[in-house]
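Read through the structure below, which is laid out as structure tokens, and then see the notes.
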Protein chains: 2
Amino acid sequence: MPVEMKLSRIIISDINDHQVIYLKEVDGERTFPIVIGIAEASSIDRRVKNFETSRPLTHDLICLVVETLGAELDSVLISDVEGHTFYARLRMRKDGEVFEVDSRPSDAIAVAVSCDPPLSIYVEEKVLEDAIAEA
Amino acid sequence: MPVEMKLSRIIISDINDHQVIYLKEVDGERTFPIVIGIAEASSIDRRVKNFETSRPLTHDLICLVVETLGAELDSVLISDVEGHTFYARLRMRKDGEVFEVDSRPSDAIAVAVSCDPPLSIYVEEKVLEDAIAEA
């Protein structure tokens, strides 16, 4: 059963190539970090802080593409973890059908926070347990 | 009449926030620069150099989304310029119909080089003339 999560912290360091975001249970206290790249971290940070941009940014472009093709972004599912690598799926809906795309969690979460309203983020229970054990 | 262009140079500077790519006419010598961000420049650079990545990068995700929704990426058109800001459209096709999405040229070109085969890149004649006059 997937657990709904929310973005609880973004830690951006100028002196480090790897940035960290934390996801926390919506209906609980469990939390875990995901290491992501600076481009995706900046993208998430800008959207969370509601920075206005005159042109569509990269993750906005994904939202626009989906909308233009008559589909709708649905949610993000963090579906697996192997070592420190998390796997996610970006879920879309079109004509009542669900379409899933393999994605890095960083991109999927950047898309989630670029949407208005933001997409729900879920993590598989097993992945949550493994991530907490590993953290 | 749009002019077909190719990516001729990518200049990435670690000490500068703004990177530069050059487009050059496929059937001619005219060329002009576009200033882009580091994330998009790195994305273009990685794809042009055929760096293998184990996970889909952000612009690959756009290709995957389009494909998953049963559409096809068609081409990139740099359609306008205002001062130093270029405007582009990412063109897609589905069931014989063309769909266009407003994009920054950097993202559109990063998508173009992430596709296999790469998408054609066009620029409106008027935009090419203005860009050359400005450069």
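Every read-out reported here was derived from the displayed coordinates using simple, explicitly stated rules and does not represent laboratory data. Note that the structure is a prediction, hence the values are computed from the model and not measured. Cβ coordinates were reconstructed from backbone atoms using ideal geometry, including for glycine residues, and neighbour counts include every protein chain displayed.
Taking the range B:102-125 and a reference point 7 angstrom along Cα→Cβ of A:Glu67, the backbone N atoms nearer than 12 Å belong to B:102. Projecting the Cα atoms of A:Asn16, A:Tyr122, A:Ala88 onto the dipole axis of the protein assembly as shown, where Lys and Arg carry +1 and Asp and Glu carry -1 at the beta carbon, places A:Asn16 farthest toward the positive end. Label-point spacing for B:Val98 across the identical copies (point 7 Å from Cα in the Cβ direction), in nm and ascending order: 3.6.
When chain A is treated as a Gaussian network with alpha carbon springs shorter than 10 Å, the biggest mean-square fluctuation among A:Glu124, A:Glu29, A:Glu72 belongs to A:Glu29. Between the range A:8-84 and the range B:4-62, the alpha-carbon centres lie 23 Å apart. The loop-placed trypsin sites (Lys or Arg not before Pro) in the range A:1-56, going by DSSP, that have at most 13 neighbouring Cβ atoms within 10 Å of their Cβ come out as A:Lys49. Among the trypsin sites (Lys or Arg not before Pro) in the range A:58-126, none sits in a DSSP loop with a Cβ that has at most 11 other Cβ atoms within 10 Å. Relative to the Cα centre, the charge distribution of the protein assembly as shown, modelled as +1 at Lys and Arg Cβ and -1 at Asp and Glu Cβ, gives a dipole magnitude of about 360 debye.
The two copies A and B are related by a rotation, and the chain A beta carbon nearest its axis, with distance in whole angstrom, is A:Ala39, 2.
A label point on A:Glu67, set 7 Å along the Cα-to-Cβ line, lies at 2.6 nm from each of its counterparts in the other copies, closest listed first. Among the lysines of the protein assembly as shown, pairs at least eight places apart or on separate chains and with Cα atoms under 18 Å apart come to 9.
Across the copies of the chain, B:Val20 has label points (7 Å from Cα along Cα→Cβ) spaced 3.9 nm apart, shortest distance listed first.
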